[in-house]
Amino acid sequence: MHREPHLTNATLFARREAAIPRGVGHSHQIFIARGENAEIWDVEGRRFVDFAGGIAVLNTGHRHPAVIQAVKDQLDKYTHTCFQVLAYEPYIELAERINAKAPGDFLKKTLFLTTGSEAVENAIKIARAFTGRSGVICFSGGYHGRTLLTLAMTGKVVPYKAGFGPFPAEVFHATFPNALHGVTVEDSIASVEAIFKNDIEARRVAAIIIEPVQGEGGFTVAPPEMLQRLRALCDQHGILMICDEVQTGAGRTGTWFAVEQSGVAPDLITMAKSMAGGFPISAVVGRADVMDAAAPGGLGGTYAGSPIACAAALAVLDVFDKEDLLQRSRDVGERLTAALKAMAARHACIGDVRGMGAMVAVELFKNGDVKQPDADLARRITAEATARGLILLTCGTYGNVIRILVPLTASDALLDEGLAIMADCFDAAA
Ligand SMILES: Cc1ncc(COP(=O)(O)O)c(C=O)c1O
């Protein structure tokens with residue numbers, strides 16, 4: 001029905017290989033013709049259930065009608081001015097609404113940018129301007145982007161960092177807690193303190209940045225105690241605490257920001273991805289006094305906070321309220337977790353089922369032995385899923401984690417359809 005007569009996945013893939021550098025990797029050799037909520041149709045007319053959501057961008061699904069309508073309305077007014085040249089109200093309203101959502105009993109301000117990496121870069125710029133310090137502490141397995149500073153901060157060499165150094169200086173990695181692999185919160189905090197001893201004195205550290213749930217790193221959850229201990233450590237040394245919520249934010253984990261569940265208020269939070277339902281925008285929100293540290297002209301960007309993306313983001317906020325998507329996120333998470341646990345009971349290779357809200361993943365090991373991560377099986381399962389009409393994504397330091405980022409707007413029937421395909425894939429390939 002949705003077939004594009006002259007296009008096939010194979011011919012498009014050949015053209016892609018000829019025209020586009022191989023460094024832009026591909027998870028699937030599928031070319032989309034149309035997407036709607038949690039379903040897509042490829043150029044050959046095949047339908048797929050989408051459990052990838054454009055890597056956490058489509059919490060409100062493909063082309064949510066309210067988002068599309070808001071964008072159409074905005075297109076009829078103006079599409080670009082550059083906010084620093086001619087300002088517009090949607091940017092301000094969006095900032096006001098995000099300020100109201102961010103945790104912390106203090107005044108807040110929000111800056112808009114275009115990508116997650118850009119948000120992280122700007123959070124570090126702001127932290128350096130405020131503290132007059134240079135050091136940045138990040139975590140092993142963390143992912144913060146592909147620009148040179150955010151690559152320095154990313155805690156995974158292959159494929160992200162290899163061949164691209166040298167990186168900006170004064171960036172250090174502590175160890176992210178991981179109960180499954182025997183790294184306790186105590187160990188993790190000790191690794192931060194070791195950096196103060198081995199690498200840089202605490203009074204020269206501007207910021208410690210952490211993902212409340214690591215995204216690319218494997219959906220590893222930082223226990224609430226970890227975030228609370230980090231907050232205390234930052235307060236002790238005058239260091240700013242930044243939560244990178246580019247992947248966890250915008251309701252994926254059952255609260256608007258994942259960090260809310262720990263009771264901690266970071267000084268700055270970065271977000272992007274699902275905040276505008278598929279339109280490119282990112283944000284840094286935080287303490288007003290910190291956000292105001294950069295001098296006029298020090299922050300911004302030509303496209304940063306585009307009016308079209310602001311209009312889409314405002315519509316996403318309305319959709320969350322109207323459709324109670326935070327509750328839905330928790331319900332989707334429970335449904336996914338129950339089904340994945342049932343699969344784990346049948347297959348020893350599934351060594352862990354974990355996540356927060358609707359950010360859920362399974363980690364695969366040979367014979368269930370946590371010392372033998374099985375990336376090959378993760379690849380086989382995702383390939384099998386594609387063949388059976390389900391789009392899945394892998395992640396994790398060892399590439400052995402299968403993660404689910406299905407739109408929160410997907411019906412229970414569609415979730416069950418995708419989960420049934422996943423169960424069949426484990427039966428066939430594990
Ligand atoms: C936690 C986190 N930070 C930053 C980024 C970078 O975002 P972008 O790809 O939009 O630059 C990502 C992207 O996956 C992410 O998950």
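The values are calculated or read from the model by the stated rules, or taken from the named source; none is laboratory data. Quick caveat, the model's predicted, so the values are computed rather than measured. Glycine also receives a Cβ, built like all others from the backbone with ideal geometry; neighbour counts cover every protein chain displayed. Remember, those area values only see protein heavy atoms, side chains included, never the ligands or the DNA or RNA. Shrake-Rupley method; radii C 1.70, N 1.55, O 1.52, S 1.80 Å.
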Across 5 Å bins from 0, what is the distribution of all Cα-Cα pair distances for region 183-265, in whole percents?
3, 15, 24, 25, 18, 11, 3, 1
Taking loop as defined by DSSP and a crowding limit of 16 other beta carbons within 10 Å, which trypsin sites (Lys or Arg not before Pro) in region 47-115 fit?
Arg63, Lys77
Sum -39500 (n - 2.57) across every DSSP H segment of at least 4 residues in the chain, then divide by the residue count to get the 222 nm mean residue ellipticity, nearest 500.
-12000 deg cm²/dmol
With only alpha-carbon atoms in the gyration tensor, what are the semi-axes of the equivalent ellipsoid for region 50-94, in Å, largest first?
26, 13, 9
Accessible area of Arg252, 1.4 Å probe, to the nearest 10 Å²?
0
Can you give the relative contact order of region 218-339 as a percent, counting alpha carbon pairs under 8 Å and 6+ residues apart?
23
Quick note, the chain: a/c under 1.5 would make it rounded; otherwise a/b > b/c is prolate and the rest oblate (a ≥ b ≥ c, C-alpha gyration tensor); here it is oblate
Pairs Lys156/Lys366; Lys101/Lys322; Lys109/Lys197; Lys273/Lys322; Lys161/Lys371: which exceed 26 Å Cα-Cα?
Lys109/Lys197
Among Leu113, Gln74, Val24, flag the residue with its Cα farthest along the positive direction of the charge dipole of region 18-120, charges on Cβ as +1 for Lys/Arg and -1 for Asp/Glu.
Val24
Ignoring any ligand, DNA or RNA, what whole percent of the accessible area of the chain comes from carbon and sulfur when the probe is 1.4 angstrom?
54
Rolling a 1.4 Å sphere over the protein heavy atoms, what is the accessible area per residue of the chain, to the nearest Å²?
42
Please report, in whole Å, how far the alpha carbons of region 68-322 spread along each principal axis, starting with the longest.
57, 40, 37
Hey, how many Å between the Cα centroid of region 1-70 and the Cα centroid of region 226-289?
30
Region 1-117: C-alpha gyration tensor shape, a/c 1.5 cut-off, then a/b vs b/c
prolate
Give the shape of region 344-430 as rounded, prolate or oblate, defined through the alpha-carbon gyration tensor: a ≥ b ≥ c are the square roots of its eigenvalues, a/c under 1.5 means rounded, and otherwise the shape is prolate if a/b is larger than b/c and oblate if not.
prolate
Which one, Leu340, Asn9, Gly355, is farthest towards the positive end of the dipole of the chain when Lys and Arg carry +1 and Asp and Glu -1 on their Cβ?
Asn9
Could you order Tyr303, Tyr160 by accessible surface area, starting with the largest, using a probe radius of 1.4 Å?
Tyr303, Tyr160
Phi-derived 3J(HN,Hα) across region 346-353 with the Karplus relation (6.51, -1.76, 1.60, θ = phi - 60°), rounded Hz, x for Gly and Pro, is 8, 10, 4, 5, 7, x, 7, 10
For a protection proxy built on the mean count of beta-carbon atoms within 10 angstrom, sort 263-275, 280-292 highest first, please.
263-275, 280-292
Just the accessible area for Arg403, please: 1.4 Å probe, Å², rounded to the nearest 10?
10
Dipole axis of the chain (+1 Lys, Arg; -1 Asp, Glu on Cβ), positive-most option in Val49, Asn198, Leu414:
Asn198
Using a 1.4 angstrom probe and counting only protein chains, how large is the accessible area of Arg204 in Å², to 10?
80
Please enumerate, by chain and number, the aspartates and glutamates with C-alpha under 13 Å from the C-alpha of Lys77, excluding those fewer than 8 residues away in the same chain.
Glu89
